[in-house]
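Quick notes on the structure that follows.
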Amino acid sequence: MDEYNRFVDWEKMDVTVQSQDAKELSCSEFQELKQLARQGYWAKSHSLRAKVYHKLINNIPCRTVTPDANVYRDIVVKIIGKRSSSSLPLPEFVDNSLVPTYCLNAEGIGAVRKIILCVANQFPDISFCPALPSVTALLLHYSRDEAECFEKVCRILACNDPSKRLIDQTFLAFESSCMTFGDLVNKYCQAAHKLMVAVSEDVLEVYSDWQRWLFGELPMVYIARVFDVFLVEGYKVLYRVALALLKFFHKVRAGQPKESDNIQQDIRSFVRDIAKSVTPERLLEKAFAIRLFSRKEIQLLQMANEKALQQKGITVKQKRQNVHLAVHAENFKSEIVSVKEMRDIWSWIPERFALCQPLLLFTTLEHGCSLNRFYSHSEGHEPTLLLIKTTAKEVCGAFLSTDWSERRRGGNKLSFFGTGECFVFRLQPEVERYEWVIIKHPELAMSVSEPENHASGSSSTLSSHTVPEDPSDRLSPFLSARHFNLPSKTASMFMAGSSECIIIGGGDGQALYLDADLNHGRTSHCDTFNNQPLCSESFQISVLEVWGFRDTMNG
């Protein structure tokens, strides 16, 4: 173990890590490595973890010219000179990030800064990389000298496998990862998300901290376990663990008064002190219990968020769009919802659309109760938001991800389309957002059928064709084939429209049916779920509005 002892302050380290005999790792199959990493096979031996890291990082496919240990030895004196390593300024691209000490001794703490400056010299294309100090400090534990640690860091940064994302190196990549994390929280941590919306003026700013939770606040023994799995499985692991942290935070803080008026600081404090409530094993167990989207789906969602940022010119660091600024009180006027209610809805929609402002496209008060006019005003806009107020003062609606013009693909036949990003919700008498059956409860895909008098000639159900025959090579209905240039077999069916009716639904057993005159509507509710119906089973429409999304950068 002496060869990996140079930078470690062993008085601060877990003694069990020193006492374990070094084992060998002979396997190379991915599935076996994956299991061993998740089980913490090399977590109890400092020496074994160092050898495993060396093996895994050496197997990362890299650019042809990737700086190695010899490069570090050549440049370190020229770059550092006679300056004290403890006071070296960090490059701007780390964005004043925390520089964790991770039980390093004084020499190790100084070495982290030297290595980062040398990395900056060799990677001039890096513009934003706040995770770098944490990664460098961690790898220094498992390196014989500074040069070896430098080489490990460079190999991670120089990875050229397009399917293997490791560390964000631009603001665009980082910001889109924050948006993607927000989308995942909205989908998988709804209780925590509801708390964030309630106590934070800018929920997006809270989620922008997600990488700091991991690479900054999380104690050494925890981030090392996460990094074990990260080197084997990749970026998706980081999302899993961050979601698990948020779930645990919500569980611990639910019903308790906030420690401060700043939820962002509260989460940071919770993660720093996580050992008081959650073990590393329990954290990973929770993380891998989340039935997350596939790696391909997350990559597609990330690409969509990057594209949305690029279209709005957000490619360098700037003030993040505040969700409250997207719905301006002075410019917003609805006969159905208040500014606060619209802001609540805005917190539910995918992050890339939350960058936009609401734009009224259609209202029955101005355009009349005509389904044809509904289509003519809504078509050409994607996504749209449907709001309904009944004569009984109930308020419900739907976020619709796909242009209504897609209905024409079925000719005169009632045709289904849309994606799993669609959702239905209720605002009055109580606020409730309904998740999609097909995603959370695929066994109920056949539970919501079309009413006989609206779907003549068609016997399909809302979700009957969306369950993949072979889930191992098919995407879930969350993403649209047309949006991402995917095979048509991945298309989904969450909306339906014809000249006679509109059908929206499937969320937690909820479905919404609107007649052609836009005066009457009905709902369908599956008793399998312990939730309240969307609204009355049969209702009269008082006001119906359709809202589009206006690009804030282009007017």
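Bear in mind that the values in this text are calculations on the coordinates, not laboratory data. Just so you know, these numbers come straight off a predicted model, no measurement behind them. Methodologically, a virtual Cβ is constructed for each residue, glycine included, from the backbone with ideal geometry; neighbour enumeration extends over all protein chains shown.
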In range of the label at Lys12: residues from the stretch 200-234 whose backbone nitrogen is under 16 Å from the point 7 Å along Cα→Cβ: 216-224
For Phe128, residues with placed amide H under 5 Å, excluding near neighbours: Thr170, Phe171
Mean Cα-pair separation over length for the stretch 89-240, i.e. relative contact order, pairs under 8 Å, 6 or more apart, %: 24 percent
Asp273-Ala392 pseudo-label distance in nm [points 7 Å out on the Cα-to-Cβ vector]: 4.8 nm
Projected label distance in nm at Asp517 and Ser370, using a 7 Å step from Cα toward the beta-carbon: 1.6 nm
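Rank-order 222-231, 184-193 by packing density, defined as the average count of other C-beta atoms within 10 Å over each peptide's residues, highest first. Could you put the intermediate results ahead of the total?
Details: 222-231: 22.4, 184-193: 20.5.
Per-residue Cβ counts within 10 Å, averaged per peptide and sorted highest first, yield 222-231, 184-193.
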Extension gain, Trp348 back to Glu201 (0.36 nm per residue minus Cα-Cα distance, nm): 51.5 nm
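Using only alpha carbon pairs under 8 Å that are at least six residues apart, calculate the relative contact order of the stretch 201-271 and give it in whole percent.
Here the relative contact order equals 40 percent.
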Length released on extending from Lys34 to Asp95, taking residue separation times 0.36 nm less the Cα-Cα span: 18.7 nm
Pair Glu500, Val77: separation of 7 Å Cα→Cβ label points (nm): 8.7 nm
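Between Lys312 and Asn58, what FRET efficiency comes out of the Förster formula 1/(1 + (r/R0)^6) with R0 = 35 Å and r the beta carbon distance, rounded to 0.05?
0.30
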Length added when fully stretched, Lys164-Asn121, from 0.36 nm per residue minus Cα-Cα: 13.1 nm
